[in-house]
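The values are calculated or read from the model by the stated rules, or taken from the named source; none is laboratory data. Note that the structure is predicted; figures quoted are calculated from it, not measured. Glycine gets a Cβ as well: all are built from the backbone with ideal geometry, and neighbour counts include every protein chain shown.
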Amino acid sequence: MTSRARWAGVLRTPVGVAAAVLLGAVLLLAVCAPLLWGGRADEVDTAHILAPASAEHWAGTDNLGRDIFFRVLVATRTSVWLALLATGLGVAVGLLLGTAPLLLGPRLGRLVTAAVNIAVAFPGLLLALSFAVIFGAGASGAVPAIGLAIAPGFARLTQTLSATVAGRDFVAAARIAGVGRIRVLLRHVLPNIAEPLLVNATMAAGGSLLAFAGLSFLGLGVQTPGYDWGRLLGEGLNGIYLNPAAALVPGVAVVLAGLAFNLVGEAAAKAVGPRTATAPVRGASADGIAHGADLPAGQADAVLVVEDLTVSFGPVTPVRGVGFTLRRGESVGIVGESGSGKSLTALAVAQLIEQPGRVEARRLEFLGDDLLRTPPRARPRLLGTSLAMVFQDPMTSFNPVQRIGRQLAEVAEQHLGQRRGPALARAVDRLRAVRIPGAARRARQFPHEFSGGMRQRAMIGMGLMGEPKLIIADEPTTALDVTVQRQVLSLLADVRAADDVAVLLISHDLGVVEQVCDRVLVMYAGRFVEDLPVARLRDGARHPYTRALLGAVPDLATDRDQPLVVIPGRPADPAAPPPGCAFAPRCPLADDHCVRADPALVDDGSGGRVACWHADERPEPVLSAATEGEGR
């Protein structure tokens, strides 16, 4: 459903009709009332001072004989205009404070966030009164007072929404493409949070109207000879027992105008709710390196060389001393349970680990360039053109408010220096290359108009906008049916074969790894425990954990009347890894030596490497039946 159709549908509802009528009436009065009745509102009639409501004066007169009803109508412009000014100021300051963590970085951003959290703890009216005293009585002081009182709540909302969007894959892709912080904010973050912000800004306008009336009622807002609804309400309250209409009419005006803005916010929330049906609204224990089993280095065909890679977040080290080499045209799979460090390893290679994360390595080379020593400004051009990242969820990998073709074209504009037209043409060509039918038409569509498989193929097409030498695919077939899964894997294989591209595939599915990869790295508790050719995976796996993973995969011969087989125990806690072998608490072969000493990842003499003191032994049984509280 298009945006226009959604708004049309909302306007046909009772809430939509009421919101449109009320807000239209308020805005019409704000424009026309001073022109039509300004003279009558200011006309002094000493013969009818403090007159009660009558046919001539519907709400009576004030202490100068001026008609209160016409003054209420004329005051609409001042009341609404000042409320909108205060709202605009509050929204602007709130946006600046809310997006500060993205613009200023983690350290300064945390200080701003702490200040916002403190401000939010105070009631808005109390803040408005405090600021009004500081800025002084009058409209010029009340506008910033109310605006600054609105800002903390709006900043908190902006922080929450922007943090959610900033953690999505399409923002990470923009960063690796070299897009600056301001452009990421303006192009990728704000467009995705604009709708809820607009809804809340509309509702905030209603709150500002009430707050302004309150300050004027207390004598801190509009001053004589000016007047707004709050001031008229305060004057009418003095004679409420003689003429109740003098206080009732401006009070009703405040309520109706505030209700109009709030109803518009409610209607907007319905209109801009779910955009689509599919929218969702990241040494002793090195694996051989530190034990003397150095990896081969310096090969002319090496695309990626990793030695002793460590990723830490403060005291927690989820990736511990990982090392491997990936050659041109080679496909390597990384498998392991959730939390074993597979995705963090890939993100570290792609330089996508942000503070407070810390990446260290003895060697981290991509196409011969040391990524840890390459200047930050030079990394995006290298990684943006030669490394393609296919993220797990294609729906979060694309910016939902930008067309597919525009997003692909941005890669060519940033890294290939192409103009907008040629870049869009290349985007269509890349969509056609990844077998998307009607590529020219599809390039003009939004991500939610693609199926899951098409989005994943388009994600691969984005990687092909440059000239990738390495494709990192993190769970590329998640949530896809087997037919589409086969198409995506076949596409990856074709891209690899056509351009001799290396592929690093992260997956939980051993069947997928067997189909696509030449070699498999088995990861547990942040390190590799086995490295072997895929051809030997089923019959030649030597580590108990690898055999346990294979045994936990059901097949056609699995007895459906029996509980599923699982690996007993729970994965190791990265914050407190056990001494010795991390798998020892779950391993049926473990002994005292396993608990005391961590085995190195060493060559097993048959083309693989294994980190186990009992690699030649076969436990009987390797696995235990599923029990309550245990899972794979």
(request) Report the residue count in the range 49-69 for those that are more than 10 Å from GLY236 (Cα to Cα) and in a helix (DSSP H, G or I). (result) 1
(request) Could you please give the count of residues in the range 555-569 that are under 23 Å from GLY336 (Cα atoms) and small (Gly, Ala, Ser)? (result) 1
(message) Any residue at all in the range 238-251 that's buried (at least 19 other Cβ atoms within 10 Å of the Cβ), aromatic (Phe, Trp, Tyr), more than 42 Å from the chain's Cα centre (by Cα) and not in a helix (DSSP H, G or I)?
(response) no
(request) Return only the number of the condition from (1) touching a Pro at 6+ places or on another chain (Cβ under 8 Å); (2) modelled with pLDDT under 90; (3) surrounded by 19 or more Cβ atoms within 10 Å (Cβ to Cβ) that ALA350 does not satisfy. (result) (1)
(message) For a quick check of your reading of the model, give me the residue pairs whose first member lies in the range 422-448 and is more than 10 Å from ILE404 (Cα to Cα) and surrounded by fewer than 16 Cβ atoms within 10 Å (Cβ to Cβ), whose second is among the hydrophobic types (A, V, I, L, M, F, W, C) and at pLDDT 90 or above, with beta-carbon atoms closer than 8 Å and at least 6 apart or on different chains.
(response) ALA440/VAL428
(message) Can you confirm whether GLY466 is buried (at least 16 other Cβ atoms within 10 Å of the Cβ), part of a helix (DSSP H, G or I) and not hydroxyl-bearing (Ser, Thr, Tyr)?
(response) no
(message) Quick check on this structure: which one of ALA194, ALA137, ALA132 is assigned to a helix (DSSP H, G or I) and touching a Leu at 6+ places or on another chain (Cβ under 6 Å)?
(response) ALA132
(request) Would you point out which residue out of ARG183, ARG231 is more than 30 Å from ALA388 (Cα to Cα) and either of a type outside the set (A, V, I, L, M) or modelled with pLDDT under 85 (or both)? (result) ARG231
(request) Would you confirm whether any residue within the range 557-564 is at pLDDT below 90, under 38 Å from the mean Cα position of the chain (by Cα) and among the hydrophobic types (A, V, I, L, M, F, W, C)? (result) yes
(request) Please work out if LEU220 is within 27 Å of ALA247 (Cα to Cα) and crowded, with 19+ Cβ neighbours inside 10 Å. (result) yes
(request) Taking ARG560 as meeting all but one of (1) touching a Leu at 6+ places or on another chain (Cβ under 9 Å); (2) farther than 22 Å from ALA615 by Cα, write down the number of the exception. (result) (1)
(request) For the range 473-486, enumerate the residues that are crowded, with 18+ Cβ neighbours inside 10 Å and in a helix (DSSP H, G or I). (result) GLN485
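Between ALA173, ALA132, ALA166, ALA139, which is at pLDDT below 90 and touching a His at 6+ places or on another chain (Cβ under 9 Å)?
ALA166
Yes/no per residue for (1) over 14 Å from GLY147 (Cβ atoms); (2) in a helix (DSSP H, G or I); (3) under 28 Å from the mean Cα position of the chain (by Cα):
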{"position": "VAL72", "(1), (2), (3)": "yes, yes, no"}
{"position": "VAL80", "(1), (2), (3)": "yes, yes, no"}
{"position": "LEU96", "(1), (2), (3)": "no, yes, yes"}
{"position": "ALA114", "(1), (2), (3)": "yes, yes, yes"}
{"position": "LEU126", "(1), (2), (3)": "yes, yes, no"}
(message) Of everything in the range 148-199, what is within 17 Å of THR113 (Cβ to Cβ) and among the aromatic types (Phe, Trp, Tyr)? Give them in sequence order.
(response) PHE154
(message) If I filter the range 90-101 for residues that are of a type outside the set (A, V, I, L, M, F, W, C), within 16 Å of ALA142 (Cα to Cα) and either at pLDDT 90 or above or surrounded by fewer than 21 Cβ atoms within 10 Å (Cβ to Cβ) (or both), do I get at least one hit?
(response) yes
(request) Go over the candidates GLY540, GLY511 one by one and state the one that is at pLDDT 85 or above, surrounded by fewer than 23 Cβ atoms within 10 Å (Cβ to Cβ) and not hydroxyl-bearing (Ser, Thr, Tyr). (result) GLY540
(request) Report yes if some residue within the range 150-163 is hydrophobic (A, V, I, L, M, F, W, C), over 18 Å from the mean Cα position of the chain (by Cα) and in a helix (DSSP H, G or I); otherwise report no. (result) yes
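Yes/no per residue for (1) surrounded by fewer than 19 Cβ atoms within 10 Å (Cβ to Cβ); (2) at pLDDT below 90; (3) more than 19 Å from PRO196 (Cβ to Cβ):
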| position | (1), (2), (3) |
| --- | --- |
| ILE68 | no, no, yes |
| THR76 | no, no, yes |
| TRP81 | yes, no, yes |
| ARG110 | yes, yes, yes |
| ALA128 | no, yes, yes |
